[in-house]
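Contents: one structure, followed by commentary.
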Amino acid sequence: MPLAVVTVMVTVPFFTPLTTPLALTVAMPGSELIQVQLPAEPAGVTLILSDSFSFLPFFTLYPCQRYDLQGKAVLKTQEKYYLSDISLKYGQLGFDNKMIASMLENIVFLEMKRRGYEVYIGKIGSKEIDFIGILRDEKVYVQVCRTIPEDSDRETENLKEIRDHYHKYVVAMDKLAIGNDEGIAFVHIADFLLMDKW
C-alpha cells in the first residue's frame, strides 16, 4: 500500500514548555483522520493526524485565564486564547493592519511563557490588565498597545490601581516609548523582548 503524507498537529497542555515541536510531517498508510499517542513523546502531548489534502484550517491555541487581583483567585470564565505561532493567522487570513495590536499582545504572551511565567489576564474591579506574569515569588504586570496615546492615560490607569512593588510595563511599538510614569516603565517591544530580566 502506498504511503500517504499526513500533517501532524500537536495540541499542548497549558503548562507544557514551548520547546515542544508543534507541527511536523510524517508518512503513514491511509488518509483518514486518526489520533495516536506515541510512547516516546512528552507526557500529556497528543498528536492528531489529518490528511494533508483535506487539511483542516485550525490553529494551535494556548488558553490564558483571568486572575482577580482583589480576590486573589483564578477565574473560571472569560479566558482568552493565543496562537502558538502568529504566522498561522497571517497564512490563513492574510495581512490586516488592524491585527497588529493583537499580534503584539500574542508575541508578549509567548515570550512570557517561554521564560517560564504563569501568565494570566488581570482583573481589578471592572478594569483589565493585559498580562500578569508570576514566576516563583515574583510578579510582573504588562500592558501592550500599538502606540501610546498622547492625551490619554488609558494604558497606565489600570496599572496605577495596583498597590504593590512589582515591575509594571507599558509595551508599545513607538520608537520613543521610553520613560517612567509613577513607577510604570514605557518600553519599546523590541527592547522588552531583549531584556535579560523584567
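The values are calculated or read from the model by the stated rules, or taken from the named source; none is laboratory data. Every value quoted in this text rests on a predicted model; they were computed, and no experiment measured them. All Cβ positions, glycine included, derive from the backbone under ideal geometry; neighbour counts span all protein chains shown.
Would you mind stating whether Ala101 is farther than 30 Å from Arg163 by Cβ, outside any strand (DSSP E or B) and either at pLDDT 80 or above or not assigned by TED's automatic domain parsing to the domain that holds Ser126 (or both)?
Working: farther than 30 Å from Arg163 by Cβ: no; outside any strand (DSSP E or B): yes; either at pLDDT 80 or above or not assigned by TED's automatic domain parsing to the domain that holds Ser126 (or both): yes.
No; evaluated as a whole, the condition is false for this residue.
Across the range 104-126, what is the total count of residues that are loosely packed, with under 14 Cβ neighbours inside 10 Å and part of a helix (DSSP H, G or I)?
Number of matching residues: 1.
Scan the range 72-98 for residues that are in a helix (DSSP H, G or I) and either under 14 Å from the mean Cα position of the chain (by Cα) or loosely packed, with under 11 Cβ neighbours inside 10 Å (or both) and report the count.
Number of matching residues: 7.
All but one of (1) surrounded by fewer than 19 Cβ atoms within 10 Å (Cβ to Cβ); (2) modelled with pLDDT of 95 or more hold for Glu182; which doesn't?
All conditions are met except number (2).
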